[in-house]
Amino acid sequence: MSRMVSIYLPHLPLDRLKRAGKALIDDRPFALVGSEERGLLLTAVNGASAAQGLIPGMGLADARAICPHLLTAPAEPRKDAEALLALADWASLRYSPTLNVDGDDGLWLDVTGVAHLFGGETELLADLEARLSRAGLTAQLALADTLGGAHALARFARPSPIIVPPGKIAPALAALPVEALRLEPEIAHLLRRLGLKRIGQLSALPRASLERRFHAKNVAEAVLLRLDEALGQREEKCAPLRPATDFTVRLPFPEPLITHEGVMAGLDYLAEELCAMLARKGQGARRLGLWLCRSDGSSAVIEAGLSAPSRERKHLLNLFKDKIEGIDMGFGVDLMAFAASVTETLLPAQTSLAASGEKVAAEPLIDRLVNHLGARAVRCLIPRESHIPELAQSARSVLTRNALARSALARGIAARNDAPVWSGQTKPPRPPLLFASPEPLTVLAEIPEGPPARFTWRHVSRRVVKAEGPERIAPEWWRALRSGSVIKGRERAKPRDYYRIEDEDGHRYWVFREGLYQESGFGSPGWFLHGVFG
């Protein structure tokens with residue numbers, strides 16, 4: 001049998017302002033005002049305003065007629081919604097991963113099978129109420145078999161918290177008004193006109209007699225649906241806020257941690273537990289999240305991505321070490337949760353008792369650089385299908401590169417695609433790095449078709465002592481045809497003759513002559529420097 005907790009936050013907008021440090025005068029009438037279709041309406045009132053007869057939903061003009069000295073401030077529903085989601089994140093780590101918002105003023109939690117971790121349902125609600133109170137939030141709590149029943153009790157029953165024993169939801173709801181069933185105001189008003197003011201009166205009527213009381217079939221279906229959901233006679237679909245990950249470990253502390261060293265020690269323990277869990281399932285983490293719940297109800301989240309699946313404890317710790325040092329500890333951390341939100345299959349690796357000569361994997365360094373500098377800042381060269389040197393590679397994020405490589409292996413693509421296209425044995429050696437754009441040269445050659453004898457680059461003249469070439473690279477005419485650039489009036493691509501040359505100081509260069517002498521249509525050839533060997 002399910003056990004659901006409903007958290008009702010009747011003064012969430014005002015409590016949020018207090019937590020934000022904005023001064024509110026509790027002993028004077030104060031209200032938040034929002035703009036609605038009917039004009040300016042009160043959205044929240046404090047105790048002094050309620051004592052004057054003001055209620056949420058009242059027009060501002062009517063409220064000022066009743067209370068001329070009313071203080072007001074604009075409502076901020078977006079910030080209220082963000083605060084509610086932040087509270088849901090905090091509750092999901094401490095009490096239940098299966099939860100969601102309940103309207104704009106509450107939460108629900110599925111605590112089935114969770115209460116024993118706190119010593120029982122009474123202790124769970126007491127802990128939840130105490131922590132919400134310390135966070136400056138006014139809350140009313142109820143625990144029952146159904147979400148509809150817990151919702152009704154949290155909002156319409158007293159005192160809080162309320163715990164309904166399993167199977168006793170019907171008598172607990174009998175005295176509550178019909179509005180507690182989450183019905184539309186028009187339907188609740190119609191029920192009162194029919195003399196059905198309490199949930200007990202509805203549940204006592206035969207179904208056929210209840211349906212005949214309504215002229216519209218959809219109204220009868222809405223009433224029966226909400227009644228059955230509250231009493232547990234019909235299952236209510238409770239969609240969680242976000243799917244819970246299968247790889248999550250938690251560590252509560254009896255006393256809050258106030259130092260970053262303590263958090264690192266806790267993370268060390270959690271990382272060992274998480275890696276063991278991943279190993280049992282044959283998985284490796286690709287994305288990690290660390291949640292730090294502070295004693296004042298706030299929380300901090302640190303995330304890290306990995307370029308390749310891993311379950312090495314030391315590696316995971318290194319990704320979070322620098323980030324933890326910048327976390328604000330507040331009043332102390334009393335709960336930590338470590339989760340692998342994205343995983344991939346990671347088969348066990350063969351180990352040896354003897355030291356091996358295998359190269360050190362680059363992934364740990366890549367992960368630390370990416371998480372410190374950002375994924376866009378760490379890039380690598382990806383081969384492209386082109387024999388033009390500057391088009392045969394492109395710079396991409398290293399995480400994208402690794403994802404493409406794994407996808408290629410999964411599809412059975414040969415490993416040759418992982419290496420640059422010029423790495424084969426059939427092509428002359430290339431410089432390890434090319435210029436972004438070839439730089440023009442002034443060249444003196446002994447013969448027109450021969451290699452340079454002397455060249456000037458960046459206003460410095462150099463004499464060539466060794467030369468090898470040429471290596472002719474023709475333009476990719478099929479790309480020009482496909483793009484439509486080979487038309488009259490546009491410049492045509494020219495073939496290139498590449499030379500590897502060495503000057504008198506021992507520096508080696510990769511230069512090319514663009515165009516051919518014998519083809520006047522190309523114009524006079526030009527010389528360019530494309531790369532340096534070192």
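In table form, for the structure just shown:
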| item | result |
| --- | --- |
| Hits in segment 431-448 (condition: of a type in the set (G, A, S) and either touching a helix residue (DSSP H, G or I) at 6+ places or on another chain (Cβ under 7 Å) or farther than 18 Å from A467 by Cβ (or both)) | A436, S437 |
| Of the criteria (1) within 41 Å of the chain's Cα centre (by Cα); (2) open to solvent by 90 Å² or more (accessible area, probe 1.4 Å), which one P166 fails | (2) |
| From the options E504, E390, residue that is open to solvent by less than 80 Å² (accessible area, probe 1.4 Å) and either closer than 30 Å to H372 by Cβ or at pLDDT 75 or above (or both) | E390 |
| Matching residues, segment 4-22, being surrounded by 16 or more Cβ atoms within 10 Å (Cβ to Cβ), touching a Ser or Thr at 6+ places or on another chain (Cβ under 9 Å) and farther than 21 Å from R158 by Cβ | P13 |
| Qualifying residues in segment 106-125 (those that are crowded, with 18+ Cβ neighbours inside 10 Å and acidic (D, E)) - the one farthest from H151 (Cα to Cα) | E121 |
| Check on L153, in contact (Cβ under 8 Å) with a residue 60 or more places away in the chain, surrounded by 20 or more Cβ atoms within 10 Å (Cβ to Cβ) and more than 33 Å from the chain's Cα centre (by Cα) | yes |
| Selection count where residues are in contact (Cβ under 8 Å) with a residue 24 or more places away in the chain and part of a helix (DSSP H, G or I), scope segment 265-289 | 13 |
| Test: residue in segment 509-518 that is at pLDDT 90 or above, open to solvent by less than 30 Å² (accessible area, probe 1.4 Å) and more than 49 Å from the chain's Cα centre (by Cα) | yes |
| Scan of segment 23-50 for residues that are open to solvent by 30 Å² or more (accessible area, probe 1.4 Å) and in contact (Cβ under 8 Å) with a residue 12 or more places away in the chain, ordered by number | L24, I25, D26, D27, R28, R38, L40, T43, G47 |
| Search result, residues across segment 262-277 that are within 22 Å of the chain's Cα centre (by Cα) and open to solvent by less than 10 Å² (accessible area, probe 1.4 Å) | L267, L270, A271, L274 |
| Selected residue (criterion: most open to solvent (accessible area, probe 1.4 Å)) from residues of segment 311-336 that are in a loop (DSSP other than H, G, I, E, B) and closer than 22 Å to C275 by Cβ | E312 |
| E229 within 39 Å of the chain's Cα centre (by Cα) and surrounded by 17 or more Cβ atoms within 10 Å (Cβ to Cβ) | yes |
| Of residues in segment 290-310 being among the charged types (D, E, K, R) and assigned to a strand (DSSP E or B), the one farthest from A20 (Cα to Cα) | E303 |
| Options A474, A419: the member that is modelled with pLDDT of 80 or more and touching a Pro at 6+ places or on another chain (Cβ under 8 Å) | A474 |
| Members of segment 249-261 found to be surrounded by fewer than 20 Cβ atoms within 10 Å (Cβ to Cβ) and either assigned to a strand (DSSP E or B) or touching a residue at least 12 places away in the same chain (Cβ under 8 Å) (or both), listed by number | V249, R250, L251, P252, F253, P254, E255, P256, I258, T259, H260 |
| Total residues in segment 278-301, condition over 22 Å from E255 (Cα atoms) and either charged (D, E, K, R) or open to solvent by less than 40 Å² (accessible area, probe 1.4 Å) (or both) | 11 |
| Residue among L71, L128, L60, L132 that is touching a strand residue (DSSP E or B) at 6+ places or on another chain (Cβ under 7 Å) and open to solvent by less than 20 Å² (accessible area, probe 1.4 Å) | L128 |
| Sole residue being at positive phi and touching a residue at least 12 places away in the same chain (Cβ under 8 Å), chosen from G103, G57, G148, G120 | G57 |
| Output for segment 1-15, where each listed residue is of a type in the set (A, V, I, L, M, F, W, C) and assigned to a strand (DSSP E or B) | M4, V5, I7 |
| Candidate set from segment 108-130 (those that are in a helix (DSSP H, G or I) and in contact with an Asp or Glu (Cβ under 9 Å, 6 or more places away or on another chain)); member that is nearest to R242 (Cα to Cα) | A115 |
| Neighbours by Cβ (under 9 Å, 6+ apart or cross-chain): first from segment 302-315, more than 16 Å from V378 (Cβ to Cβ) and touching a residue at least 40 places away in the same chain (Cβ under 8 Å); second in a strand (DSSP E or B) and open to solvent by 10 Å² or more (accessible area, probe 1.4 Å) | S310/R286 |
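The values are calculated or read from the model by the stated rules, or taken from the named source; none is laboratory data. Model, not experiment: these values are computed from the prediction. No Cβ is skipped: glycine too gets one built from the backbone with ideal geometry, and neighbour counts run over all protein chains shown. Keep in mind that these areas ignore ligands, DNA and RNA; they rest on the heavy atoms of the full protein, side chains included. Shrake-Rupley method; radii C 1.70, N 1.55, O 1.52, S 1.80 Å.
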